[in-house]
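Undergrad: I have a structure here, written as structure tokens, and I will follow up with some questions on it.
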Amino acid sequence: MSTERIDIGEDLLWRLYWDEELSLRAIARRLGVSPACVLRNMRLYDIPRRSARETAGGVTRLTVPVSELARLYHQEKLPLRLIGERLGCAGETVRMYLVRALIPRRRHGWCQHRTSAPRCPRCGLLVEEPGLCEICWEEERVNREKRSMEEVSA
């Protein structure tokens, strides 16, 4: 493990943290260093941190449509962490979005990396258990109800 100190320029840190409003984690990812390195350099240059209220203000707003969030989570089966990376927030924030949007969570322990992940026979989407996905199942139920109503009226 290297003990070499990495120097990040003061102007660059100000621009990324205050002007672009990136988190320490996002800055670290962009520069290829650890968040601790970013924090250490911010302290070196006496760059003030945002308050918890300022930080939370940008995180609590849902920045994508609920349908997109549901698609990333249920259809693409992405983990919360990866969805968070796409949205520029933490996985725990994505979990909060799911709760607020009333999007049901996947079954605990379900793993997207199974080699034999089942797919919906109608549309081909990944499903947790063999059979129709929720969308196709609902369409099938509506069609059955229409057919039974037609039979009763005939």
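The values are calculated or read from the model by the stated rules, or taken from the named source; none is laboratory data. Bear in mind the structure is a predicted one, so any value in this text is a computation, not a measurement. Glycine gets a Cβ as well: all are built from the backbone with ideal geometry, and neighbour counts include every protein chain shown.
Undergrad: Can you tell me which residue in segment 41-50 is farthest from R86 (Cα to Cα), limited to those that are free of Cβ contacts under 8 Å to residues at least 24 places away in the same chain and in a helix (DSSP H, G or I)?
TA: L44
Undergrad: Also, quick follow-up: With hydrophobic (A, V, I, L, M, F, W, C) and either part of a loop (DSSP other than H, G, I, E, B) or at pLDDT 85 or above (or both) as the only criterion, which of L82, L16 stands out?
TA: Among L82, L16, only L16 is hydrophobic (A, V, I, L, M, F, W, C) and either part of a loop (DSSP other than H, G, I, E, B) or at pLDDT 85 or above (or both).
Undergrad: State the number of residues belonging to segment 1-43 that are surrounded by 13 or more Cβ atoms within 10 Å (Cβ to Cβ) and among the hydroxyl-bearing types (S, T, Y).
TA: Counting residues in segment 1-43 that are surrounded by 13 or more Cβ atoms within 10 Å (Cβ to Cβ) and among the hydroxyl-bearing types (S, T, Y) gives 3.
Undergrad: In the set R25, R29, which member is under 25 Å from R81 (Cα atoms) and in contact with an Asp or Glu (Cβ under 9 Å, 6 or more places away or on another chain)?
TA: One residue alone meets the criteria, R29.
Undergrad: Filter segment 104-154 down to the residues that are closer than 21 Å to S67 by Cβ, within 23 Å of the chain's Cα centre (by Cα) and either modelled with pLDDT of 85 or more or part of a loop (DSSP other than H, G, I, E, B) (or both) and list them by number.
TA: P104, R105, R106, Q112, G124, L125, V127, E128, C133
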